[in-house]
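Structure first, then comments.
Each value in this text was obtained by applying a stated rule to the coordinates, not by laboratory testing. Remember, it's a predicted structure, so these values are computed and weren't measured experimentally. Cβ atoms come from the backbone with ideal geometry, glycine included; neighbour counts cover every protein chain shown.
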Amino acid sequence: MHQKIEADVAIVGGGVAGLSAALGLRNKRVVVLTKSAFGRGGSTPIAQGGIACAMGKDDTPELHAADTMVAGDGLSIRGCVDVLTQEGPARIRELIEVGANFDRTEDGELSFGREAAHSRRRILHANGDSTGAEVERALVEAVKRADNIQIIENCYVSDLLRRDDHVVGVYGIINGTEDVIQVNAPAVVLACGGIGRIYRYTTNPVESVGDGLAIAARVGAVLSDVEFVQFHPTALNTTVDPLPLLTEALRGEGAVLLADGKRFMVDIHKDAELAPRDVVARGIWAQQQKGLSVWLDARCVGEKFPQKFPTVYGFCQQAGIDPVHDLLPVSPAAHYHMGGVAVDENGRTSCKGLWSCGECCATGVHGANRLASNSLLEGLVFGARVSQDILASIDWGNTPEPDDVNFVIRPTFVTPAEEEDAWLLRNTMWSDVGLVRCETSMKHALSVFDEIAARKPESLMLCNMIDAARIITQAALERKESRGGHYRTDYPNHDEHTEHHPFVYTGNGPWC
Ligand code: SIN
C-alpha cells in the first residue's frame with residue numbers, strides 16, 4: 001500500500017520538541033509521525049530530571065544563562081542561551097495551562113530543586129522523578145484535542161522528499177509492513193531525538209539511534225558539534241538495556257560516589273560529586289579502568305526514598321536492591337547528544353523547507369556539555385520558535401510534487417540477522433569513541449563500521465546507526481582538542497582557537 005497525504009507541515013517525532021512545534025501551528029494541517037506508539041516512545045516520557053527554569057524569587061534568566069554558559073565549556077552560543085532562559089518561563093506557564101502538574105510546596109507554590117552546576121534552586125519536577133512522563137502526558141492530551149493535527153504512529157520515517165533543492169515532505173514505512181506513507185508538505189521538522197542507542201551503555205530508549213542526523217545528512221544538511229556526547233555519570237549498573245538512570249537529583253540530595261569504600265571525587269574537583277557531568281563521568285571511568293567497582297551511596301535520602309524518587313526506587317526493586325539501606329552499583333552511560341543538525345535560533349537548517357528542534361539538532365545552547373535539566377526546556381522553547389518561524393516564512397501555495405523518488409521498502413527495526421552487527425557497533429562506539437578517545441581508537445572504529453556496512457544491512461535502523469556512528473567518529477577525529485564531553489588522550493587540552501564545528505557528511509553510508 002502507498003498512502004499519500006497532503007499537509008502543511010510534517011513533524012518527525014512526538015516528544016517535547018515535536019509536540020511543542022505541532023501545538024504552535026494552529027489552523028495548519030499538521031502531520032506528526034512517530035516511530036513507536038504515540039506518546040510512548042523516545043526520551044521525553046522517561047526523562048527523570050526536571051525542567052530548569054528561572055522562575056524562583058531569587059533567580060533570573062541572566063543567572064540561568066550564566067550557569068548554562070559555564071557548563072557549555074566555551075561553546076554555548078550566548079544569543080541562543082538567552083532565548084532559552086528568557087522565553088523559558090512563558091513556555092512553562094503555557095505548559096501548566098494545558099494541564100501539566102508540577103510538584104508544589106505545601107503553600108501551593110512551584111517547588112524548585114537544585115542540581116549540579118546550577119547556582120540556584122530552579123529545577124521543576126513532576127511526581128518526584130517522573131517529570132518527562134507528565135510533560136509528555138500533558139502535550140499528548142493537548143495534541144489529541146487539536147483537530148488540525150493528525151498522528152501517524154508506528155511509522156519509521158525513511159527519508160526526506162525533495163523538489164530541486166527544497167525539502168517538500170517525508171516518507172516512511174509502517175513498522176512490520178511494506179506500507180509506505182508519503183507526506184507532501186512545504187515545511188518539515190526533524191524532532192526525532194538523540195543517538196544514545198549507538199553506544200553499548202546508554203540511558204536512552206530503543207528509538208534513539210541517530211535517525212535525525214542520518215536523514216538530514218543524506219540531503220546534505222550541515223551538522224554541528226556532533227562529536228559532543230554527554231555521558232551521564234550514574235546509571236544503575238545492571239544487565240538491562242537501556243541502563244536505568246539514577247537521577248542527578250540524588251547527588252543534589254547528598255548522595256556520594258565510592259570506589260574501594262572511599263569517596264574519590266573529592267580529590268578530582270572542588271565540587272566533588274556535583275562537579276560538571278563530564279568530570280564526574282570520567283572520574284568514575286578512571287576508577288573502572290583500575291578494575292574497581294563504583295557505588296552510589298544514596299542512603300542519606302532515607303525512608304522517604306520511595307516517595308521522593310519513585311522511578312528510581314522501582315528500578316532498584318526490579319534489580320533486587322534496596323536503596324534505603326544498600327549501595328547502588330553505577331556506571332556512566334551515553335545520555336545526551338549536544339551536537340546535531342545545525343540550526344539557527346529559529347530552528348532553521350541549511351536546507352530550504354527543513355527545520356529541526358530538540359535533541360537531534362544543535363542550537364548551540366548546550367555547547368560542549370549540557371547543563372542538567374536544560375533539554376526539556378530547550379524542546380519547549382525552540383519547538384515553539386520553529387512553529388512561529390514556519391508560520392512567518394512559508395508561502396502556503398500548493399506543495400510541489402517531489403522529484404522522482406525510489407521508495408525503498410526495508411525492514412524498519414534491526415532484524416534478528418543484524419543483531420550481532422548492531423552490538424558490534426555499539427560496543428565499538430563505547431570502547432573507541434566513548435568517554436575517552438584518541439586517533440588510534442577512532443580509526444579502528446571507522447574500520448569496524450566499514451566492515452559492518454560491507455555486509456549490506458537491510459534495516460533502516462541499522463543503516464542509520466552506521467551513518468550516525470561514522471558521523472560522530474569522523475567529527476571527533478577532526479576536533480583535535482579536549483573540551484566538555486569530547487576528551488582525547490592524544491589532545492588532552494583545550495585549544496583556545498577551536499570553535500564550532502560545522503560538519504557535512506560525505507560518506508556513502510550503507511545505502512549505496
Ligand atoms: C538527571 O536527572 O540526572 C537527568 C536530567 C538531565 O539529564 O537533564
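Odds and ends about this structure:
- Count of residues meeting criterion [of a type in the set (A, V, I, L, M) and in a strand (DSSP E or B)] in the range 348-386: 2
- Inside the range 104-132, residues that are away from the ligand (no atom under 12 Å from the Cβ), buried (at least 17 other Cβ atoms within 10 Å of the Cβ) and among the acidic types (Asp, Glu) make up a count of 0.
- Meets criteria (of a type in the set (Ser, Thr, Tyr), assigned to a loop (DSSP other than H, G, I, E, B) and either in contact with a Pro (Cβ under 8 Å, 6 or more places away or on another chain) or away from the ligand (no atom under 13 Å from the Cβ) (or both)) for THR247: no
- Candidate set: the range 254-271, residues that are within 16 Å of the ligand (Cβ to nearest atom) and surrounded by fewer than 18 Cβ atoms within 10 Å (Cβ to Cβ); chosen: the one nearest to PRO45 (Cα to Cα): GLY254
- Matching residues in the range 79-132 - criterion: being among the acidic types (Asp, Glu) and within 20 Å of THR68 (Cβ to Cβ): ASP82, GLU87, GLU115
- Of all residues in the range 139-180, those satisfying the criterion of being within 19 Å of PRO411 (Cβ to Cβ), more than 26 Å from the chain's Cα centre (by Cα) and surrounded by fewer than 16 Cβ atoms within 10 Å (Cβ to Cβ) are THR177, GLU178, ASP179.
- Which listed residue, of GLU420, GLU345, is outside any loop (DSSP other than H, G, I, E, B), surrounded by fewer than 24 Cβ atoms within 10 Å (Cβ to Cβ) and more than 16 Å from the ligand (Cβ to nearest atom): GLU420
- Considered as a group, the residues in the range 284-319 that are farther than 28 Å from PHE112 by Cα, small (Gly, Ala, Ser) and in contact with a strand residue (DSSP E or B) (Cβ under 8 Å, 6 or more places away or on another chain) include one that is surrounded by the most Cβ atoms within 10 Å (Cβ to Cβ), and that residue is ALA319.
- The set of residues from the range 306-322 being closer than 17 Å to GLN48 by Cα and in a loop (DSSP other than H, G, I, E, B) comprises just one member, PHE309.
- Listed by first and then second residue, the pairs linking a residue in the range 219-241 that is farther than 30 Å from ILE321 by Cβ and touching a residue at least 12 places away in the same chain (Cβ under 8 Å) to a residue that is within 16 Å of the ligand (Cβ to nearest atom) and aliphatic (A, V, I, L, M), with Cβ atoms under 7 Å apart and 6 or more places separating them unless they lie on different chains, are ASP225/MET338; PHE228/MET338; PHE228/ALA368.
- In the range 367-388, the residues that are at positive phi reach residues that are of a type in the set (A, V, I, L, M, F, W, C) and within 16 Å of the ligand (Cβ to nearest atom) with C-beta atoms within less than 8 angstrom, at least six apart or across chains, in these pairs: GLY367/ALA71; GLY367/PHE228; GLY367/MET338; SER373/ILE51; SER373/ALA52; SER373/ILE123.
- Just one residue in the set TRP285, TRP295 is among the aromatic types (Phe, Trp, Tyr), outside any helix (DSSP H, G or I) and more than 16 Å from the ligand (Cβ to nearest atom); that residue is TRP295.
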